[in-house]
Amino acid sequence: MVGLSGAFGAGAGSCEVATVPPTVDDEVTDRYRERDVAVRSAFHAGTATDQPAETADGALVWVWGEVYSVTDDGGDRTTVDPNESARTCAREYAKHGLGFVERLDGEFAGLVYEPAAGTVSLFLDRLGARPLYYAVAGDSIAVSTNVQTVPVVPGFEPRFDERALAEYVYSRRTLGTETPIEGVEQLPPATTLTYDIDTGDTERRTYWEPRHRPVDEPLSYFVRELAERFERAVADRTSDDREHGLLLSGGSDSRAVLAAADEPLAAFHLGDGDTRESRVAERSADAAGADFHRLDRGPTYHAELLDRAGPIQEFVGPFHTGHALGFADEIRGEADTLLTGLYSDDLFGSWSVAQATLDLPAGVRFWLPFERLPSTTDAFVDGQADAGPTRRPAFIDSTPLGEILADNIASRDGRVDYHGVTYESVEQLSLSSTLYPITNGIGFDLYSALQIAPTRNPFLDRRLVELHCSMPLRYRLRSDPLHRAIDRLDGSLAAIPHAGTRVPLTYPKAVHAVGNRVVNQLDKLGGADYRTDGPWQDKNEVVRTDDFVGRSLDRNADLLRELPGVDAEAARETYRRHRAGETDVAEQLYRLVSVLEMPLTRRVLGDDSEGTDNDETDNEETEDEPTVRA
């Protein structure tokens, strides 16, 4: 796996430090060891592999991710080579100390080791787009960019936190700084943490948080700004002389990347033959002059995803949301980097805005174009407990989700702490919690894509985040700024219908809302089949077509019995009922087997006989270095 793992302190010499197995065969690995320090790194070939970068004063800097620009004291922005991100960070750190992080635009997690001072500092970008997990135990700190590979230093005994594990199964993710492993925390977004290796003292500082401050400008202003800023964001992420790919759907988010790119991209579309979604995606690629690759999945694709996701899985989304993992080699063979359209709806659509609703017969719900933000922590928790991703599996025998969420929220001095991350108010929490941190999202798509190739998300550009914070909510709810921006960038792409609504992007938002409901109802009239005309396979039918979930339950029967808060017999009965067509609960089962197939689960529950092997070798040594075991 690409990423970093490290241990600092007296325990560094007595624990194993490793990354999990590579997804594609292109990784360059290295290790750094000295007294009380051990760091293991793995990066895609051709990226910032020459690490650590060293300052003139001897500080060492490691970075996972990429920096695209640096802003100076006057607010002027300088574009930098993302493949030189570690050197950029070392140079800026030498000038400004840890305050350098505030000047950067990018998606990154990093470490700064100061041998003279005897400290190590952890740092993250504004939104925490690259997670960094750590455990402080005894006289050491253990750090990793994957929750499964936090080194086990003396005094740290990994075990499951039942309530946090239940939260993952209930809601598709663990929130904020929480993880299902006791003693392991996630560094909050926009945060630096410094650990003194000699004393064990820590100092933490948050340097930024999202604050929505709408400005009084017409919609046309925001559409123009969105188009221009997005075009520059895409340019920053495609300026290096490399082959750039795009994960392309039949919707509008990834289509915006096509509209903004000034050079043809390799467009990869996950399909199942000639479907409405694939036809729209191909039409969009052709209009933009992109090289279109349709990657057909088939009935056993989710089984393959489960196998490939297990070793790299985070507690962020179930395994099947690592959508492209089954075509990792094909994609990497055609592209040096991947671009996505992720997070556009969080920023410029209605996804992160609590709205008034109208329920109609046949289970049809319309979201009305009026915000209904919670004003109390109780109201926020109630909304989250009933949110769309929430499930209440019959096999979970643990604290109810609402109670877990309520125990992890508190108001202090007018501010709100939610799962270890602080927000200005309940309203700001409601508007920002799906992006701050990014790992509060419900999909594993970004973190799986990162293992295929360096993955760049232009919507996370800080100029766009700042625009998001200044945009009145009414424009996001009653118009569609992104559709209008695409029309401004490339009218031929805007004229192509959206696959989910069957109307062009130039049509009003209300027409798309109605079209989406109509298309959804019409699609339900077809017979039961794992194939759909939309972007994703019907997982309920996938589970009935292929017994891979049953095989996972059998293969991990011992773990299933030992998982805290999980009733093994109820899980098997849930699976039997689903296979018999008595209920549709594939989503719940997918979350369960995601946990069962993690090598971490076997190690934590005490049987490491099938732990992850790491057969990679670095440039200096040839012995294998297995993943850390409890």
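The values are calculated or read from the model by the stated rules, or taken from the named source; none is laboratory data. All values reported here derive from a predicted model rather than from experimental measurement. Positions of Cβ are generated from backbone atoms using ideal geometry, with glycine treated the same way; all protein chains shown enter the neighbour counts.
Where the second residue is basic (Lys, Arg) and the first is assigned to a helix (DSSP H, G or I) and lies in the stretch 570-590, which pairs have Cβ atoms under 7 Å and are six or more apart or on separate chains?
Qualifying pairs under 7 Å: Arg579/Arg544; Ala586/Lys539; Glu587/Arg391; Glu587/Lys539; Gln588/Arg391; Tyr590/Lys539.
Here are some conditions: (1) assigned to a loop (DSSP other than H, G, I, E, B); (2) crowded, with 20+ Cβ neighbours inside 10 Å. Ala328 meets all but one. Which one does it not meet?
(1)
Go through the stretch 161-170 and give me each residue that's surrounded by fewer than 22 Cβ atoms within 10 Å (Cβ to Cβ) and touching a helix residue (DSSP H, G or I) at 6+ places or on another chain (Cβ under 7 Å).
Once the filter is applied, which keeps residues that are surrounded by fewer than 22 Cβ atoms within 10 Å (Cβ to Cβ) and touching a helix residue (DSSP H, G or I) at 6+ places or on another chain (Cβ under 7 Å), the stretch 161-170 yields only Arg163.
Residues that are under 28 Å from Ser249 (Cβ atoms) and outside the structural domain of Gly128 (by TED's automatic domain parsing): which strands (runs of 3 or more DSSP E) entirely in the stretch 331-414 hold 1 or more of them?
Details: elements: 337-339, 355-360, 364-371, 409-412.
Fully inside the stretch 331-414 and qualifying: 337-339, 355-360, 364-371.
Looking at the stretch 1-24, is at least one residue in contact with a Ser or Thr (Cβ under 9 Å, 6 or more places away or on another chain), surrounded by 18 or more Cβ atoms within 10 Å (Cβ to Cβ), under 14 Å from Tyr113 (Cα atoms) and of a type in the set (Phe, Trp, Tyr)?
Looking through the stretch 1-24, at least one residue is in contact with a Ser or Thr (Cβ under 9 Å, 6 or more places away or on another chain), surrounded by 18 or more Cβ atoms within 10 Å (Cβ to Cβ), under 14 Å from Tyr113 (Cα atoms) and of a type in the set (Phe, Trp, Tyr).
Check Thr439 against each of (1) of a type outside the set (A, V, I, L, M); (2) in a loop (DSSP other than H, G, I, E, B); (3) within 24 Å of the chain's Cα centre (by Cα); (4) modelled with pLDDT of 95 or more and name the one condition it does not meet.
Result: Thr439 fails condition (2) only.
Out of (1) surrounded by fewer than 23 Cβ atoms within 10 Å (Cβ to Cβ); (2) in contact with a helix residue (DSSP H, G or I) (Cβ under 9 Å, 6 or more places away or on another chain), what's the single condition that is false for Glu282?
Unmet for Glu282, out of (1) surrounded by fewer than 23 Cβ atoms within 10 Å (Cβ to Cβ); (2) in contact with a helix residue (DSSP H, G or I) (Cβ under 9 Å, 6 or more places away or on another chain): (2).
Among the residues of the stretch 69-106, which ones are within 13 Å of Ala59 (Cα to Cα) and either surrounded by 16 or more Cβ atoms within 10 Å (Cβ to Cβ) or of a type in the set (Gly, Ala, Ser) (or both)?
Passing the criteria: Ala86, Arg87, Cys89, Ala90, Arg91, Glu92, Tyr93, Ala94, Gly97, Leu98.
Could you run through the stretch 223-242 and say how many residues are without any contact (Cβ under 8 Å) to a residue 12 or more places away in the chain and assigned to a loop (DSSP other than H, G, I, E, B)?
1
Is at least one residue of the stretch 450-462 of a type in the set (Lys, Arg) and in contact (Cβ under 8 Å) with a residue 40 or more places away in the chain?
yes
Do we find a residue being more than 27 Å from Arg308 (Cβ to Cβ) and either among the hydrophobic types (A, V, I, L, M, F, W, C) or touching a Cys at 6+ places or on another chain (Cβ under 9 Å) (or both) anywhere in the stretch 550-560?
Checked the stretch 550-560: no residue is more than 27 Å from Arg308 (Cβ to Cβ) and either among the hydrophobic types (A, V, I, L, M, F, W, C) or touching a Cys at 6+ places or on another chain (Cβ under 9 Å) (or both).
Inspect all residues belonging to the stretch 117-128 and state whether any of them is at positive phi, touching a helix residue (DSSP H, G or I) at 6+ places or on another chain (Cβ under 7 Å) and not polar (S, T, N, Q).
yes
A quick yes/no check of all residues on (1) under 23 Å from Gly500 (Cα atoms); (2) touching a residue at least 40 places away in the same chain (Cβ under 8 Å); (3) small (Gly, Ala, Ser):
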site: Pro264; (1), (2), (3): no, no, no
site: Gly271; (1), (2), (3): yes, no, yes
site: Arg276; (1), (2), (3): yes, yes, no
site: Arg294; (1), (2), (3): yes, no, no
site: Tyr301; (1), (2), (3): yes, yes, no
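Okay, residues lined up against (1) outside any loop (DSSP other than H, G, I, E, B); (2) closer than 25 Å to Tyr423 by Cα:
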residue: Ala142; (1), (2): yes, no
residue: Gln148; (1), (2): yes, no
residue: Glu167; (1), (2): yes, yes
residue: Gly176; (1), (2): no, yes
residue: Thr192; (1), (2): yes, yes
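Quick one: in the stretch 591-618, of everything that is at pLDDT 95 or above and part of a loop (DSSP other than H, G, I, E, B), which residue is farthest from Gly443 (Cα to Cα)?
Leu605
Return the only residue of Arg308, Arg294 being basic (Lys, Arg), in contact with a Leu (Cβ under 9 Å, 6 or more places away or on another chain), modelled with pLDDT of 95 or more and not in a helix (DSSP H, G or I).
Answer to the check: Arg294.
Please enumerate the residues belonging to the stretch 519-531 that are modelled with pLDDT of 90 or more and either over 26 Å from Tyr301 (Cβ atoms) or buried (at least 17 other Cβ atoms within 10 Å of the Cβ) (or both).
If the condition is that a residue be modelled with pLDDT of 90 or more and either over 26 Å from Tyr301 (Cβ atoms) or buried (at least 17 other Cβ atoms within 10 Å of the Cβ) (or both), then Val519, Tyr530, Arg531 are the ones that fit.
Considering only the stretch 200-222, state which residues are surrounded by 12 or more Cβ atoms within 10 Å (Cβ to Cβ), over 26 Å from the mean Cα position of the chain (by Cα) and not in a helix (DSSP H, G or I).
Gly200, Thr202, Glu203, Pro214, Glu217
Please work out if Arg372 is under 17 Å from Ala166 (Cα atoms), within 27 Å of the chain's Cα centre (by Cα) and of a type in the set (Lys, Arg).
In short, no.
If you scan the stretch 29-52, which residues turn out to be closer than 22 Å to Ala335 by Cβ and surrounded by 19 or more Cβ atoms within 10 Å (Cβ to Cβ)?
Result: Thr29, Ala42, Phe43, His44, Thr47, Ala48.
Between Leu460, Leu493, Leu450, which is of a type in the set (A, V, I, L, M) and either in contact with a Ser or Thr (Cβ under 8 Å, 6 or more places away or on another chain) or surrounded by fewer than 23 Cβ atoms within 10 Å (Cβ to Cβ) (or both)?
Working: Leu460 fails: either in contact with a Ser or Thr (Cβ under 8 Å, 6 or more places away or on another chain) or surrounded by fewer than 23 Cβ atoms within 10 Å (Cβ to Cβ) (or both); Leu450 fails: either in contact with a Ser or Thr (Cβ under 8 Å, 6 or more places away or on another chain) or surrounded by fewer than 23 Cβ atoms within 10 Å (Cβ to Cβ) (or both).
Matching residue, one of Leu460, Leu493, Leu450: Leu493.
Among the residues of the stretch 75-97, are any within 23 Å of Asn457 (Cβ to Cβ) and small (Gly, Ala, Ser)?
Checked the stretch 75-97: at least one residue is within 23 Å of Asn457 (Cβ to Cβ) and small (Gly, Ala, Ser).
Those residues that are under 23 Å from Glu167 (Cβ atoms) and either free of Cβ contacts under 8 Å to residues at least 12 places away in the same chain or assigned to a helix (DSSP H, G or I) (or both), I need them from the stretch 551-569; list them, please.
Ser552, Leu553, Leu559, Leu560, Arg561, Glu562, Ala568, Glu569 - these are the residues of the stretch 551-569 that are under 23 Å from Glu167 (Cβ atoms) and either free of Cβ contacts under 8 Å to residues at least 12 places away in the same chain or assigned to a helix (DSSP H, G or I) (or both).
Before we move on, is Phe395 buried (at least 22 other Cβ atoms within 10 Å of the Cβ) and touching an Asp or Glu at 6+ places or on another chain (Cβ under 6 Å)?
So Phe395 fits the description; yes.
Name the residue that is farthest from the chain's Cα centre (by Cα), counting only residues in the stretch 37-71 that are over 24 Å from Leu338 (Cα atoms) and either among the small types (Gly, Ala, Ser) or modelled with pLDDT under 95 (or both). Spell out how you get there, then give the answer.
Here is the first cut: in the stretch 37-71, the ones over 24 Å from Leu338 (Cα atoms) are 37-40, 52-61, 71.
Now restrict to residues that are either among the small types (Gly, Ala, Ser) or modelled with pLDDT under 95 (or both): 38, 53, 56, 58-59.
Details: Ala38: 27, Ala53: 26, Ala56: 35, Gly58: 33, Ala59: 30 Å.
Per the stated criteria, the residue is Ala56.
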